[in-house]
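The values are calculated or read from the model by the stated rules, or taken from the named source; none is laboratory data. Model, not experiment: these values are computed from the prediction. Note that we place each Cβ from the backbone using ideal geometry, even for glycine, and neighbour counts take in every protein chain shown.
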Amino acid sequence: MKRLTVAFLIVAACASTVFAQSVEQQITDRHKVFLGWVGIVRTAEYKYKRQHDVFGTLAALRQARLLDTLVIESDDPYTHAFTETTPDSCLIPKNTSFQVTVSKDGQHYRVTIQEDVAHQTVTMFADETSTGLGDCRTRPQTYLRKIAQKDP
């Protein structure tokens, strides 16, 4: 019985290590995909700015057909046909928050991408000068509840 217990503990320790590596690999893979999306948006933004003298919002970039390589998944049957043939690296799933915002004067933009991966929120921020990564160990709702409980 003692050998069985020791064997079980060894297997459990190995399994948790493999699982942790797998989660970290999933997060790393998503960061790489996000970085590709940011590159597509940056290219689109500079093309848009050359034509309009200001950066464009997500809607403006899509209307100008500068983001045609990115397919944002939706419930629309027309879009569904594209999602079946779109490579995963160009498909933005419904559960992914993908935002492109522009300053009031149109001279600055910000890309924010957020997605839950293996019960962690993975985030990437980018603008015309830099790119940042982040991952939150708890889901946003839990985090917001914790902040609300701390406020008097």
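Mind checking whether some residue in region 78-91 is within 24 Å of GLY132 (Cα to Cα), among the aliphatic types (A, V, I, L, M) and at pLDDT 85 or above?
No - not one qualifying residue is present in region 78-91.
Report yes if some residue within region 23-46 is touching a helix residue (DSSP H, G or I) at 6+ places or on another chain (Cβ under 7 Å) and in a loop (DSSP other than H, G, I, E, B); otherwise report no.
no
Of all residues being touching a residue at least 60 places away in the same chain (Cβ under 8 Å) and part of a strand (DSSP E or B) in region 105-121, which is farthest from HIS52 (Cα to Cα)? Just the residue, please.
The extreme case among them is GLN120.
Scan region 111-128 and give yes if some residue there is of a type in the set (D, E, K, R), closer than 21 Å to VAL23 by Cα, surrounded by 13 or more Cβ atoms within 10 Å (Cβ to Cβ) and at pLDDT 85 or above, otherwise no.
Yes, the conditions are met somewhere in region 111-128.
If the requirement is being in contact with a helix residue (DSSP H, G or I) (Cβ under 7 Å, 6 or more places away or on another chain), modelled with pLDDT of 55 or more and among the β-branched types (Val, Ile, Thr), which of these qualifies: THR96, THR101, THR69, THR5?
THR69
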